[in-house]
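The values are calculated or read from the model by the stated rules, or taken from the named source; none is laboratory data. Please read these numbers as outputs of a predicted model, since none were measured by experiment. Note that we place each Cβ from the backbone using ideal geometry, even for glycine, and neighbour counts take in every protein chain shown. The area values use the complete protein model at the heavy-atom level, side chains included, leaving out ligands, DNA and RNA. Shrake-Rupley method; radii C 1.70, N 1.55, O 1.52, S 1.80 Å.
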Amino acid sequence: MASTLPDPIPDAHAHRAAADAHTSGGSVRSGRAGGIEAHGIDHIPDAERRGRPRELFSVWAAANVNYLSLVVGGALVLMGLSLWQALAVIVAGNLFWLLTGLLAVSGPAAGAPSEVITRAMYGVLGNRVNNAVTGWMISVCYFALNLAAAATAAFSLVARTGLPVNTAVKALVVVVIAALTLAISVWGHAAIIRLYVPITLALTAVFAAVGFVVVRHADFGYVPDRPLTGTPLWAALLAGVALIASGPLSYTTSADFSRYLPRTASARAVAGWTALGGFLASVLVCGIGALAATAVDMSDPESSLQRLLPGWFRPLFLLALVLGTVALNALTAYSAGLALQAVGIRIRRSRSVLVDGTVSVCLTLYALLVSDFLDTVGNVLQLTVVLLGPSTAVYATDIVLRRNRYDGLALGDESRTGPFWYAGGFNPAGVLALGAGVAAAAVCVDSVYTGPVAAALGGVDLALPAGLVVTSAVYAVLARRTRVTG
């Protein structure tokens, strides 16, 4: 079985020999064991590469037809935007899927997940810190938010059966949904690729029907009673873009799902199918949420939307909400499992996924039973932009500077003499650029707290553009000075 431990160094030469043996007619170990994916953060040899870039479309489409996208789309109107302003924000925010697509091209090039490729940017030890914060912690938080969203819809399904929806039942529902999600994540990459085509088709059918009903009731000329103007309008528009962009920016791990593609796969196709799947699905569902907000109260979207739908269709709608979130969270849990390995914890990928699920269930129960769900969603999504924007910028800039040339086997070398040890295990270019970008974003944010720049601008949140621009500029300068190579 292929190593799934975070330190594949002892097998590096054997792994290279195995790949060479296959090209000369010899045997090679399989990346699968008993149907469960055997690979973790180790390099995928050419002999085990398979698939076509277009398979990525259904992976990202299925993951974005979900309840949270409905909530976020409706929230834009609740923030005081008109319908057309909200729709413009949805399109603008989802253009950040282009960055997600760009990051995905590094997967086939390296044959490694994002959690390993970023060693090139931060160094071996620096990358462990990066994975602990922007990888594992952020993934677990998103898993919990999405699980809470799915559970909310599932509670309504349970209520339709006549059972009491008390605390014990809610906890059981959360655990059951988490178990279904983690089963897909544990089974791994091949299961995700196979399952997400029918899931995408089923979800598209249901949401197309919901969209048809919503359009019939929507007010296309909707403008709030007190339209926003001037600084408050700009503040709402930029906050809305950051809210929408937090979705694609959360997938700095898109190479996790493209790394099994042959290294000869077209980079343009990999980027295009990844970005297109996420963009179209997210624009569709967020758009439905915004349209619905002109007709019903989207502060309680699940019950409000049900009132627009025929009685016989409501259970299908609720099931679709749950299924879409399961598809989304399976990707999140999969990447979180890889991130936990990349932190340096010697644990099998399948077990690391279960650890992540346990932590996420605890956070979900808190979000549902203790805190206000909508406030939690808004605060977390907007605040993560402070970290995710700069993190994405470092990764994207590195791909451009290296011309997407990564040696997957060399990236697996964590020794002090390895090419990515840099200075004491840290790459100053990546560490300083990320720090500068986070600092720039932090002083511009207006979310859980208001940074000094945002306060001076009357609440206008420039955290997203500030973090992206500063990080990219600093990394480009420092990386060129240190002669970035693959």
- Looking at Ala132, Ala179, Ala159, Ala150, which is the one that is open to solvent by less than 30 Å² (accessible area, probe 1.4 Å) and not charged (D, E, K, R)? Ala150
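Regarding segment 323-336, can at least one residue be identified that is surrounded by fewer than 19 Cβ atoms within 10 Å (Cβ to Cβ) and either under 24 Å from Ser254 (Cβ atoms) or under 24 Å from the mean Cα position of the chain (by Cα) (or both)? Break it down into steps so the answer makes sense when it comes.
Step one: list which residues in segment 323-336 are surrounded by fewer than 19 Cβ atoms within 10 Å (Cβ to Cβ), which gives none.
Among the residues of segment 323-336, not one is surrounded by fewer than 19 Cβ atoms within 10 Å (Cβ to Cβ) and either under 24 Å from Ser254 (Cβ atoms) or under 24 Å from the mean Cα position of the chain (by Cα) (or both), which makes the answer no.
Among the residues of segment 120-142, is any touching a residue at least 24 places away in the same chain (Cβ under 8 Å), among the basic types (Lys, Arg) and closer than 17 Å to Leu365 by Cα?
Within segment 120-142, none of the residues are touching a residue at least 24 places away in the same chain (Cβ under 8 Å), among the basic types (Lys, Arg) and closer than 17 Å to Leu365 by Cα.
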- Would you check if Ala235 is surrounded by fewer than 22 Cβ atoms within 10 Å (Cβ to Cβ), farther than 30 Å from Ala191 by Cα, touching a residue at least 60 places away in the same chain (Cβ under 8 Å) and in contact with a strand residue (DSSP E or B) (Cβ under 8 Å, 6 or more places away or on another chain)? yes
- Query: Name the pairs whose Cβ atoms lie under 8 Å apart, with the first residue in segment 209-231 and of a type in the set (D, E, K, R), the second surrounded by 14 or more Cβ atoms within 10 Å (Cβ to Cβ), and 6 or more positions between them or separate chains?
  - Reply: Asp219/Leu83; Asp219/Thr294; Asp219/Ala295; Arg226/Gly80
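Here are some residues: Ala109, Ala92. Which one is within 25 Å of Val270 (Cβ to Cβ), touching a Lys or Arg at 6+ places or on another chain (Cβ under 7 Å) and open to solvent by 10 Å² or more (accessible area, probe 1.4 Å)? Talk me through it step by step, then tell me what you get.
Details: Ala92 fails: touching a Lys or Arg at 6+ places or on another chain (Cβ under 7 Å).
From the options Ala109, Ala92, the qualifying one is Ala109.
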- Query: How many residues does segment 207-235 contain that are within 14 Å of Leu316 (Cβ to Cβ) and in contact with a Leu (Cβ under 6 Å, 6 or more places away or on another chain)?
  - Reply: 1
- Message: Within segment 78-92, does at least one residue satisfy the condition of being assigned to a helix (DSSP H, G or I), modelled with pLDDT under 95 and not charged (D, E, K, R)?
- Response: yes
- Query: When both residues are 6+ apart or on different chains and their Cβ atoms are under 6 Å apart, which pairs have a first residue that lies in segment 282-299 and is surrounded by 21 or more Cβ atoms within 10 Å (Cβ to Cβ), and a second that is among the polar types (S, T, N, Q)?
  - Reply: Ser282/Asn64; Ser282/Ser69; Ser282/Asn94; Val283/Asn94; Val285/Ser69; Cys286/Ser69
- Message: Filter segment 32-44 down to the residues that are at pLDDT 90 or above and among the charged types (D, E, K, R) and list them by number.
- Response: Asp42
- Can you tell me which residue within segment 268-279, out of those that are of a type in the set (Gly, Ala, Ser) and buried (at least 18 other Cβ atoms within 10 Å of the Cβ), is nearest to Ser114 (Cα to Cα)? Ala271
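If only one of Ala104, Ala75, Ala47, Ala61 is crowded, with 17+ Cβ neighbours inside 10 Å, in contact with a His (Cβ under 8 Å, 6 or more places away or on another chain), among the hydrophobic types (A, V, I, L, M, F, W, C) and at pLDDT 90 or above, which one is it?
Ala47
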- Selected residue (criterion: surrounded by the most Cβ atoms within 10 Å (Cβ to Cβ)) from residues of segment 435-468 that are farther than 14 Å from Val385 by Cα and touching a residue at least 60 places away in the same chain (Cβ under 8 Å): Val460
- Query: Of the residues in segment 284-304, how many are in contact with a Gly (Cβ under 9 Å, 6 or more places away or on another chain) and in a helix (DSSP H, G or I)?
  - Reply: 12
